[in-house]
Amino acid sequence: MKKRIDNYEEINGYAMDMFKEIGSIGTGNAATALSGTLSSKISMSLPEVDIMDYDQAIDFLGGPEKVIAAVLVHMTGQFSGIMLYLLDFDFMNFVLEKLNLKKINSYDDIDEMSKSAICEVSNIIISSYANAISQLSGISINLSVPAIALNMLGGIMSVPMIEYGYVTDKIMMVGGKLMYSNEEMTSNLLMLPDIKSLNFLFKKLGVFYE
Amino acid sequence: MSKMITVGIADMKFTRNEGVLITYALGSCVGVCLYDPIIKLAAMVHVMLPSRLEGSSDKNIYKYANTGIPSTLKKMEVFGAVRNRVTAKIAGGAKMFEILGNNSLGNIGMRNVESVKQVLKSEGIPIIKEDVGGNYARTLLFDSSNGNGIIRLCGRKEIPF
């Protein structure tokens with residue numbers, strides 16, 4: 001029996017189920033936190049967790065030249081890696097509207113205030129997922145100050161890609177839908193724990209490989 | 001425009017006489033265009049990381065500056081390029097996120113650029129144009145019929161390169 005993994009491709013079976021569970025708990029936390037922050041009832045669909053190639057992920061998210069808002073947080077401590085939250089245009093406008101900020105027509109006319117608001121809301125969502133990992137495993141995770149970028153998807157994705165370029169060509173994506181009354185918005189979270197942390201997590205949760 | 005040839009992430013393509021090489025949304029990666037004007041042979045490498053680690057099992061040599069550029073030059077020579085005619089244009093190496101605190105992720109773009117420059121220098125290839133750094137992604141096009149490039153940024157006009 002193999003007791004550790006060497007790359008993301010080996011995540012399967014129980015380990016995958018475990019990530020689905022983390023995804024569900026995280027999504028639940030995020031929906032609650034978001035509803036509070038934006039004072040509106042937001043629900044989220046059960047997330048799908050996938051391991052994908054970069055090219056595949058970029059195509060899935062709308063192609064390399066699609067402009068997107070992304071918030072990046074570093075995880076350090078017992079569990080390290082990065083989390084990248086991607087907001088599509090509609091969701092961004094929804095957040096701005098709920099916070100009584102001016103809606104935007106294009107990514108160019110966003111001001112610092114709105115940018116900062118988007119960054120904070122994304123940080124809340126990211127923290128919800130990090131909390132889910134902590135809750136399940138008892139591992140404590142430190143999160144860095146969030147950083148935001150509004151640019152072409154391909155360029156944004158190159159950041160996690162390069163960070164883990166020496167280790168893997170795959171990423172883990174937690175994708176789901178946000179629902180507000182009848183509106184549906186997409187939200188995607190990329191979770192990229194490093195391999196060492198993954199093995200630590202599996203050990204804590206008693207997931208073993210065959 | 002004539003036929004477009006897409007260069008993927010950590011990939012290399014070349015074309016002769018006509019054809020436009022294109023790589024989409026370079027972030028912290030670096031796009032290296034190599035060109036022999038006499039035989040109109042153009043190559044583009046999408047470099048992702050500065051150098052391949054010793055004993056790495058990774059088969060993709062174009063991912064790294066120190067393996068991708070030399071092997072591209074070798075391939076160009078097979079197709080008739082002469083090394084002292086080849087020139088280079090480089091673009092990319094941006095810092096996408098303004099990350100507070102000290103970490104390696106923040107300046108990987110610049111490290112890529114430095115590594116690319118160093119490799120080109122040791123191969124004896126002059127850099128005739130560069131557009132590196134900044135905090136935005138670039139789409140890079142390179143025309144093999146005349147060696148002209150174009151850089152596309154989001155929400156801005158195309159700039160000749």
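The values are calculated or read from the model by the stated rules, or taken from the named source; none is laboratory data. Bear in mind the structure is a predicted one, so any value in this text is a computation, not a measurement. Cβ placement follows ideal geometry from the backbone for every residue including glycine, while neighbour counts extend to all protein chains displayed. Side chains are part of the model used for accessible areas, which takes the heavy atoms of the whole protein and leaves out ligands, DNA and RNA. Shrake-Rupley method; radii C 1.70, N 1.55, O 1.52, S 1.80 Å.
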> Which value, in square angstrom to the nearest 100, describes the accessible area buried between chains A and B on both sides, using a 1.4 angstrom probe?
Replying inline: 2300
> Non-local amide H neighbours of residue A:151 (under 5 Å, H modeled in plane, Pro and chain starts lacking H): which ones?
Replying inline: A:68, A:70
> Check residue B:161: other-chain or 5+ apart residues with amide H under 5 Å from its amide H, H built from backbone geometry?
Replying inline: B:149, B:150, B:151
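Give me the dipole magnitude in Debye, nearest 20, for the range A:8-204 about the Cα centre, with unit charges on the beta carbon: positive for Lys and Arg, negative for Asp and Glu.
Charge dipole, the range A:8-204, about its Cα centre: 700 debye, nearest 20.
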> For the charge dipole of the range A:8-204, defined by +1 on Lys and Arg C-beta atoms and -1 on Asp and Glu C-beta atoms about the Cα centroid, which residue among A:138, A:157, A:54 has the Cα displaced farthest towards the positive pole?
Replying inline: A:138
> Roughly speaking, to the nearest percent, how much of the protein assembly as shown's 1.4 Å accessible area is carbon and sulfur?
Replying inline: 50
> When only Cα pairs under 8 Å and 6 or more residues apart are kept, what is the percent relative contact order across chain A?
Replying inline: 37
> List the lysines whose alpha-carbon lies under 28 Å from that of residue A:177, not counting same-chain residues fewer than 8 positions away?
Replying inline: A:20, A:41, A:66, A:98, A:102, A:103, A:115
>> Give me, ordered by chain and number, the residues 5 or more places off residue A:102 or on other chains with an amide H under 5 Å from its own placed amide H.
In response: none
> How many Å³ per residue does the convex hull of the Cα positions in the protein assembly as shown occupy?
Replying inline: 141
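Per Stokes-Einstein, at 25 °C and 0.890 mPa s, what whole-number D in µm² s⁻¹ belongs to chain B, with the Kirkwood radius over Cα pairs as the hydrodynamic radius?
Once the numbers are plugged in, D ends up at 157 µm²/s.
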> Just how large is the dipole of the range A:1-121 about the Cα centre, in debye to the nearest 20, putting +1 at every Lys and Arg Cβ and -1 at every Asp and Glu Cβ?
Replying inline: 560
> Under the Karplus relation 6.51 cos²θ - 1.76 cosθ + 1.60, θ = phi - 60°, what is the ordered set of whole-Hz ³J(HN,Hα) values for the range B:124-129, x standing for Gly and Pro?
Replying inline: x, 9, x, 8, 8, 8
>> From Cα pairs below 8 angstrom and at least 6 apart in sequence, can you work out the relative contact order of the range B:20-86, rounded to a whole percent?
In response: 29
> Mind checking the mean number of beta-carbon atoms from other chains within 10 Å of the Cβ atoms in A:159-172?
Replying inline: 5
>> Counting only other chains, and only Cβ atoms inside 10 Å, what mean value do you get across the residues of B:133-139?
In response: 4
>> Could you derive backbone 3J(HN,Hα) for the range A:7-15 from the dihedral phi with the Karplus parameters 6.51, -1.76 and 1.60 (θ = phi - 60°), listing whole Hz in sequence and x where the residue is Gly or Pro?
In response: 7, 4, 4, 7, 6, 7, x, 4, 4
> Among B:12, B:76, B:96, which one shows the biggest mean-square fluctuation in a GNM of chain B, springs joining Cα atoms closer than 10 Å?
Replying inline: B:96
> Under a Cβ-Cβ cut-off of 10 Å, what is the net charge of the residues other than residue B:39 that fall near it, where Lys and Arg count +1 and Asp and Glu count -1?
Replying inline: +2
> Computed over the Cα atoms of chain A, what is the convex hull's projected area averaged over all directions, in nm²?
Replying inline: 11.0
> Within a Cβ distance under 12 Å of residue B:113, other residues only, what is the Lys/Arg minus Asp/Glu net charge?
Replying inline: 0
> Of the listed peptides B:37-50, A:33-46, A:123-136, what is their order by residue-averaged count of other C-beta atoms within 10 Å, with the highest listed first?
Replying inline: B:37-50, A:123-136, A:33-46
>> If you average the alpha carbon positions of the range B:7-69 and of the range B:113-142, how far apart do those two centres end up, in angstrom?
In response: 11
> In the full protein assembly as shown, how much of residue B:152 is accessible to a 1.4 Å probe, in Å² to the nearest 10?
Replying inline: 60
>> On a 1.4 Å probe surface of the protein chains, which of B:64, A:107, B:24 comes out largest in accessible area, and what is the full order?
In response: B:24, A:107, B:64
> Using +1 on the beta carbon of Lys and Arg, -1 on that of Asp and Glu, and nothing else charged, what's the dipole of chain B about the Cα centre, debye to 20?
Replying inline: 180
> Tell me, what is a quarter of the convex hull surface for the C-alpha atoms of the range A:94-210, in nm² with one decimal?
Replying inline: 9.8
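Can you give the Kirkwood hydrodynamic radius for the range B:1-90, in Å, rounded to one decimal and based on Cα pairs?
The Cα-based Kirkwood calculation yields 13.3 Å.
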> So what J values fall out for the range B:136-147 if you push phi through Karplus, 6.51 cos²θ - 1.76 cosθ + 1.60 with θ = phi - 60°, rounded to Hz, Gly and Pro as x?
Replying inline: 10, 8, 10, 9, 10, 10, 9, 9, 7, 6, 9, x
> Near residue B:63, which lysines are there with a Cα under 21 Å away, not counting those fewer than 8 places off in the same chain?
Replying inline: A:170, B:13, B:74, B:75, B:89, B:95, B:117, B:121
